[in-house]
Each structure stands twice: as C-alpha cells, then as structure tokens.
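The values are calculated or read from the model by the stated rules, or taken from the named source; none is laboratory data. Just so it is clear, the model here is predicted, and its values are computed rather than measured. Please note: Cβ atoms are built from the backbone with ideal geometry, for glycine as well, and neighbour counts cover all protein chains shown. Protein only, heavy atoms only, side chains kept; ligands, DNA and RNA dropped before computing areas. Shrake-Rupley method; radii C 1.70, N 1.55, O 1.52, S 1.80 Å.
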Amino acid sequence: MSNYIKLVEKSLIALRVDNSAISKVLDKVNPIEASTSSIFIETRPLDQSKLDITTCHHFTRDWECAGLDNLKFDLIKKLDFKYRPKTVWLEYDDIAESETSPGLHLSVNQQTMVNISELCDILFNSGTPINNEHFERLLQLAEIQHISNLHRDHDETLKLHLKPNNLSSIKLIEEFSTFITDNSCMEMVESVCQLDESYFDYIFLDLSFYNNAPLPIIGIYLSNKNKKSKNYLSDFKRILAFLELEISAVEAIFSLINNEEDVCLDIKIVITAETIYTKLYTGVINSQAVDVEEMAKKLKLVFS
C-alpha cells in the first residue's frame, strides 16, 4: 500500500468513517491512484451517514484512466490550448451507499466569457443553466476558478467556485441571498461580510444555478489553497469563533493534519433559506503524482 493510500485510510479513520465506507472509498481510489493528484473526502459533522469523495486529475495525467466520460474527454482535447482546463475533478456523491455517475468540475484558464462558454458547452449538452448577465456580473467581482455540472434531485446543476477579487467583493453573496427567510441565516451572511481583512485569502464562495436562475443555497469555503499560512488551522478556529460556529468533530482531523503535510482541510459553511450547516473537506495530496506533473510542466516550457 502506497503512502498516499495509507493517508487516505488514516484520514477516513480520523473522520470516524465506518469500515464498510472505508472499504468502498479505497476500492475506488486504488485503481486510479496513478492518475490522481489528490482526493477530497467530504463529510458532514452532524450526519456521519453521508460521505462524498472528489478525485482531482491534472491535465498531464491520464484522464481516461480516471473514469472521465470519453465524449467529454474528446471535447476537452479539441479545445484551443488557452481554453483547456488544467485540472478536472470527478465528484462521487454518497459513495458509502452507491457509486453514481460523477459530477464533473473543470478549471477555468481565462476569465473571459469565451472561455466560460466553451466549458459550459462541454458540461451541458442541453444549454447552460445560467444567463450571460449573471456571468458578466460575477466576472466583475470574482475569479471563477472552476465550473461544474453536478447531478442534483431536480436535474443537472451548474455550480461556480469563486474567489472574490477583494474583501468588498465578498458582499456579492448578499446579492444572491434574497431567498433567505431565517434571521440567523441572514446574520451569518452579514457576519461573513464583516470578517477581518487578514482572513480574506481563506474565503471562497460557491453559487449554484438551474434554469437560468440562482438556486437558494450559498456555500462559503474556508480554504488554505493559496497557502497563506502553515498555521491556517488556528485561523480557521478564530474565524469559526467569530461566526459563532462550533465543529466538535474536527479535532481528530486537525491532529492528523498537524502531523502530515500531505493532508489538508477545507471547511464549508452552507446557508439555505432557513438552515446553516457545515461540511469538512479533508484533502490528501498524492505527492508522487504532483512531482510528476511539476516535471511535465517544466518540460513543456522547455520544448514549447
């Protein structure tokens, strides 16, 4: 068993996932280890019965081995290089119970309507479930980091993962929170907008769309993906305290992360019309695969 697979297993144990779910995850990630840059294990502290995984695959790896739909793979390969995503993510919902067709996330190279339209055409055969006005507004305030087609109860859903351009741009969530009916949910949105500027690098947003309209759900991510600090977990605790959120189930995974540099944590705060809940995204980096990718990128620069 490789160190990467061992860390996936250790992370699942730290998250208190039951043995049957651990076996299901390992059965999925073992065959695709060579094509995987990282895996994110999504858990809900208040609902241990739910377990999702998202596997990340860099463009220098073999996406076909990862299980990417062949048609979409061919369409991606045909894109002009400047529009081609560098990374794809495959999201498997509720893998502890069954393995459904994965949701697909594509990274965005250029912050232009042309690039976004090209990716949407690949993700949605029946037309993009968002109008250009929403896209244009978001491009003014944030970087669209990846675009996703996720399978939800009503139908295929577009999800956008955003990095606000600056602290004031975080307030764009207020524009998309008109569906909120509960005072505590609205207060949470306002509190996020009042976070100290020193925490800005950690804040990312998720917005979802269906049938040309925003869906009544907002995701607020705490993530150290910009590698602002090695002590980011301490900052996360301070942010959660400011937002008056407690996540008792994180201590075990905090301990693992402090001892394993290839394990990281994102925390997502989900706000609906009347509820607030949290999700943990425990990431395990496949260092060997990442090293290969870095070498490939350097070689590409040399021979391009």
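Just a few scattered comments:
- Global geometry of the chain, whether rounded, prolate or oblate, following the gyration tensor of its Cα atoms and the 1.5 cut on a/c: rounded
- Distance violations [Cα-Cα > 24 Å] among 28/228; 171/230; 86/171; 72/163; 72/159: 28/228; 171/230; 86/171; 72/163
- Peptides ranked, highest mean first, by Cβ atoms within 10 Å: ranges 181-193, 32-44: 32-44, 181-193
- Dipole in debye (nearest 20) - the chain, about Cα centre, beta carbon charges: Lys, Arg +1; Asp, Glu -1: 980 debye
- Here the chain has 47 percent of its accessible surface on carbon and sulfur atoms, given a 1.4 Å probe and all protein chains in place.
- Dipole-positive endmost among 161, 141, 112 within the stretch 98-185 (Cβ charges, Cα centre): 141
- Estimated dipole of the stretch 126-213 in Debye, rounded to 20 [Cβ of Lys and Arg +1, of Asp and Glu -1, Cα centre]: 240 debye
- Couplings for the stretch 4-19, taken from phi via the Karplus curve 6.51 cos²θ - 1.76 cosθ + 1.60 with θ = phi - 60°, read 4, 5, 4, 5, 4, 5, 4, 5, 4, 5, 4, 7, 6, 7, 6, 4 Hz in order; Gly and Pro are left as x.
- Amide H within-cut-off set for residue 112, under 5 Å, with H built and near neighbours excluded: none
- Calculated accessible area for the chain comes out at 48 Å² per residue, all protein chains present (probe 1.4 Å; ligands, DNA, RNA ignored).
- Lysines with Cα under 23 Å of residue 24, excluding same-chain neighbours fewer than 8 positions away: 6, 10, 50, 279
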